[in-house]
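Report on the following structure.
The values are calculated or read from the model by the stated rules, or taken from the named source; none is laboratory data. Computed from a prediction, not measured in an experiment: that's the story for all the values here. Note: ideal-geometry Cβ built from the backbone for every residue, glycine included; neighbour counts use all protein chains shown. Just the protein is used for accessible areas: all its heavy atoms, side chains included, with ligands, DNA and RNA removed. Shrake-Rupley method; radii C 1.70, N 1.55, O 1.52, S 1.80 Å.
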Amino acid sequence: MRKTRERIFNFIIKILSLISLFLLAFIIIFIFRESLSFFMEVPILKFVSGRDWNPLDSPDKLSILPIIAGTIYTSLVGIIIALPIGVGFSVVLSSYTSDNMRRIIRGIVDILAGIPSVVYGFIGLLVLVKFFEIRFSFPTGESILAGGIILSIMMLPYIISTCDESMEKVYKEHSQQSNALGVSKSYMIRNLILPKSKKCILAAVVLALGRGMGETMAVMMVIGNAPLMPRLLDKGQTIPSLIALEMGMAEVGSLHYHALFASGFILMIILIVINIALHFVKLKIEL
């Protein structure tokens, strides 16, 4: 009876995995098909290397290099801020807190992950953008830095959730032996917990980058949405915000409409390339 249940469970898991793969394949094929008519008008290399985005002009003015750069730049700013904070918080959570306190904090972290992105964007617009304008006398507080800070807050729950459980297992596995040998907790964290948690930290980076590069509303509300080459304290634009802002006004079937699908296709390619690169890094870590 038990073996039958296990076979049924394995069969259900395989079916669900296949459905997930088919859905992913369908999304990629659909976006590529909608992009194809645009790439027949504008070569893909010109699309990703040009600096002009003007849907009302000729097809030569539809290119997204500044928007690609803005997407990557904003996500990197977010991950640079969030990763040390998230890893440090995970270390404290796994090594310095009791079980009851850890459960409470994990619940709060899970709540942070469930807050709608528009709420983060609204708070960023009213607090962060105004702070930059008033405190630092910026002409406008909407900037790549503001978008990166908001993204870092949204990335934190994913980094903490991914790293905390792995670090907790390593800590419980080695804490008794370390205490018996008189090894300090800080030494154990530096030389045991962090080195053994490299793979989970890398997985956290993958999840956080995927979250950051795909985020729309929160970033759109604080980044300024100007298709310019990104600089930290200037306005910029990301691919998701471009699609969200212009898809509603693009005529269905027009070159502008298909260019927005092409932008989404480029974003998917960037995410796939980043994931493949980090996968090879993970293999080297395992070796």
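Relative to the longest principal axis of the Cα atoms of the chain, the long axis of helix 198-214 makes an angle of roughly 30 degrees. With the simple model of a label 7 Å out from the Cα in the direction of the Cβ, residue 127 to residue 249 spans 3.1 nm. Annotation: residue 273 carries an accessible surface of approximately 90 Å², with a 1.4 Å probe and no ligand, DNA or RNA atoms counted. Other residues with beta-carbon under 9 Å from the beta-carbon of residue 102 carry, at +1 per Lys or Arg and -1 per Asp or Glu, a net charge of -1. Taking 0.36 nm per residue of sequence separation and removing the Cα-Cα distance, the residue 41/residue 278 pair yields an extension gain of 82.0 nm. Listed by chain and number, the aspartates and glutamates whose C-alpha is less than 20 Å from the C-alpha of residue 198, apart from same-chain residues fewer than 8 away, are 164, 165, 168, 173, 286. Taking every C-alpha pair closer than 8 Å and separated by at least 6 residues, the mean separation divided by the residue count of the stretch 66-236 gives a relative contact order of 41 percent.
Suppose R0 equals 25 Å. What FRET efficiency, 1/(1 + (r/R0)^6) with r the Cβ-Cβ distance, do residue 111 and residue 233 give to the nearest 0.05?
0.20
Cross-link partners for residue 61 among the lysines, with Cα-Cα distance under 19 Å and sequence neighbours closer than 8 places in the same chain left out: 46. Percent of Cα pairs in the stretch 1-41 per distance bin of 5 Å, from zero to the largest separation: 5, 22, 13, 13, 11, 9, 9, 6, 5, 4, 3, 1, 0. The modelled label-to-label distance between residue 17 and residue 97, using points 7 Å beyond Cα along the C-beta direction, is 3.3 nm. For the stretch 1-41, a simple Cβ point-charge model (Lys and Arg +1, Asp and Glu -1, everything else neutral) yields a dipole of about 600 debye relative to the Cα centre. When only alpha carbons of the chain are considered, Rg and Dmax amount to 22.4, 73 Å. When the Gaussian network model of the chain links Cα atoms closer than 10 Å, the mean-square fluctuations of 124, 253, 86 top out at 253. Among 106, 190, 33, the residue with the largest mean-square fluctuation in a Gaussian network model of the chain, with springs joining Cα atoms closer than 10 Å, is 190.
Accessible surface of the chain, 1.4 Å probe: 68 percent of it comes from carbon and sulfur atoms.
Each 10 Å bin from 0 upward holds the following percent of the Cα-Cα pairs of the stretch 148-277: 11, 29, 26, 16, 11, 6, 2, 0.
Its convex hull of Cα atoms gives the stretch 40-92 a direction-averaged projected area, equal to a quarter of the hull surface, of 4.9 nm².
R0 = 51 Å: FRET efficiency of residue 9 with residue 137, Cβ-based, nearest 0.05?
0.25
Near the amide H of residue 53, within less than 5 Å, lie the amide hydrogens of 63, all on another chain or at least 5 residues away, with H placed in the peptide plane. Here the 3J(HN,Hα) profile of the stretch 244-260, calculated from phi with Karplus coefficients 6.51, -1.76 and 1.60 at θ = phi - 60°, is 5, 6, 10, 5, x, 9, 7, 5, 4, x, 6, 5, 4, 4, 5, 5, 5 Hz, Gly and Pro shown as x. Normalised by 2.2 N^0.38 Å, where N counts its residues, the alpha-carbon radius of gyration of the stretch 192-260 equals 1.55. The simple spin-label model puts a point 7 Å past each Cα toward its Cβ; for residue 175 and residue 57 those points are separated by 6.2 nm. Taking the chain as a Gaussian network of alpha-carbon nodes connected by springs under 10 Å, the highest mean-square fluctuation of the residues 58, 37, 20 belongs to 20. Legend: P(r) of the stretch 66-236 from all alpha carbon pair distances, 5 Å bins from 0, whole percents, reading 1, 9, 16, 17, 16, 12, 10, 8, 5, 3, 1, 0. Its relative contact order, with pairs defined as Cα atoms under 8 Å and 6+ residues apart, puts the stretch 1-107 at 12 percent. Length gained on full extension, residue 198 to residue 24: 59.8 nm, using 0.36 nm per residue less the C-alpha separation. For the stretch 120-128, putting each phi into the Karplus relation 6.51 cos²θ - 1.76 cosθ + 1.60 with θ = phi - 60° gives couplings of 4, x, 5, 5, x, 5, 7, 9, 5 Hz, in residue order, rounded to whole numbers and with x for Gly and Pro.
Rolling a 1.4 Å probe across all protein chains gives residue 108 an accessible area of roughly 90 Å².
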